[in-house]
Amino acid sequence: MAFILTFLGKGGTGRTTIAIAAAKKFASLGQRVLLIGQDPTPAFGLLLGTFPRADPTEVGPNLKAVQLQSTFLLERSWEEVKKLEAQYLRSPTLKNVYGQELGILPGMDSALALNEIREYDGSGEYDVIIYDGSGDQATLRMLGMPEILSWYFRRFRQIFTESDLGKTISPFIQPVTSAILNVTWTPDDFAQKPTQQTNQMLEQGKTAVADPNRVAAYLVTTGDTAALATAKYFWGSAQQVNLTVGGVLLNQIPATETLAAEFAPLTVSALPQLSTSADWQPLIDALPDFKQAVQMPKSISIDVANRQVSLFLPGFDKKQVKLTQYGPEVTIEAGDQRRNIWLPPQLSGQSVKGAKFQDRHLIISF
């Protein structure tokens with residue numbers, strides 16, 4: 001399994017330059033590195049000094065790069081969907097729809113990119129994968145997709161099972177699946193078997209994103225007021241998808257005590273300007289040890305003994321945070337992100353008795 005690294009920040013702060021420098025640094029240390037570019041325009045290749053293809057291309061010792069092309073990825077993924085349908089249905093219906101015909105719908109780019117990262121990670125060919133994405137909410141939603149989808153699966157499967165429709169069709173599940181599909185299911189395992197592999201993938205994705213040894217992000221900012229505010233906003237938003245932010249990279253500005261205090265406890269590193277495209281070394285040398293992200297505080301902690309849940313939400317104040325509770329889950333809304341917290345058995349079913357915002361933490365009492 002690879003260490004997956006990405007960068008968050010306002011556009012124009014130098015995220016792509018830093019991603020390339022980080023890839024070069026890891027490669028120089030003997031790590032097998034894959035640099036993934038989400039931007040399909042020539043800008044990525046121009047900065048890299050070579051134009052990677054839709055499949056990994058060697059661009060230096062221990063370093064490969066790939067430039068994601070969503071239409072190519074969709075075409076390839078569609079063939080896998082058709083194989084899956086043919087596995088379960090005796091009379092597949094998608095065989096007459098071709099991947100070359102399909103267009104990219106909004107949101108598809110992120111889902112396809114996440115699947116590519118998952119497959120490259122699972123290949124065992126890389127020690128480090130650096131993802132140069134949009135660096136904004138789209139990247140955070142992409143990394144939060146396993147958590148969000150697992151919630152939809154869990155919630156709507158339960159709702160369907162308990163609904164009148166679910167109870168009505170329950171007696172017919174076994175004969176229908178026997179007649180139409182290549183398998184025989186009972187009401188107890190309907191929708192469980194075909195989604196078992198998907199649920200396993202989602203759990204693996206959730207576990208990886210929550211583990212700073214596996215996935216980490218770094219904030220990139222300049223001295224611009226908007227860039228600094230955006231970095232803080234993404235810092236808090238990253239907690240909502242359980243993503244560890246390991247530090248702050250100050251591009252072409254000094255690391256002052258004021259900035260260090262604003263982003264504490266994150267490490268703050270000042271980076272020099274890339275003087276020429278041929279001389280990356282000063283920038284590489286100024287980069288921090290990215291794997292030190294493991295030292296950062298966890299986004300959530302649950303204290304069963306004191307009946308408290310604490311969520312780290314830097315970059316927000318209490319007016320920007322909304323708390324709601326439905327059954328065994330608590331939903332936290334901060335910024336434009338929602339997080340559903342599944343309570344442990346000791347707290348499940350207990351009503352929220354109070355909540356306070358203290359030292360950038362939302363502390364919920366039961």
Open item on the list: Quick one: 3J(HN,Hα) in Hz for the stretch 247-262, Karplus 6.51/-1.76/1.60 with θ = phi - 60°, rounded, Gly and Pro as x.
Closed with: x, 10, 10, 8, 7, 6, 9, x, 8, 7, 5, 5, 5, 4, 5, 5
Open item on the list: Among the listed pairs Lys206/Lys291; Lys319/Lys353; Lys10/Lys64; Lys10/Lys206; Lys206/Lys319; Lys64/Lys206, which have their C-alpha atoms separated by more than 21 angstrom in this model?
Closed with: Lys10/Lys64; Lys10/Lys206; Lys206/Lys319; Lys64/Lys206
Task: log₁₀ of I(q)/I(0) at q = 0.13, 0.15, 0.27 Å⁻¹ - the stretch 204-261, Debye sum with one point per alpha carbon - done: -0.38, -0.48, -1.08
- [ ] Would you mind giving the three semi-axes, in whole Å and largest first, of the ellipsoid equivalent to the stretch 314-366 according to its Cα gyration tensor?
- [x] 20, 12, 8
Open item on the list: Can you divide the C-alpha Rg of the stretch 3-74 by 2.2 N^0.38 Å and report the result to two decimal places?
Closed with: 1.07
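Values quoted throughout were computed directly from the atomic coordinates according to the rules given, and no laboratory measurement underlies them. No experiment lies behind these values; they were computed from the predicted model shown.
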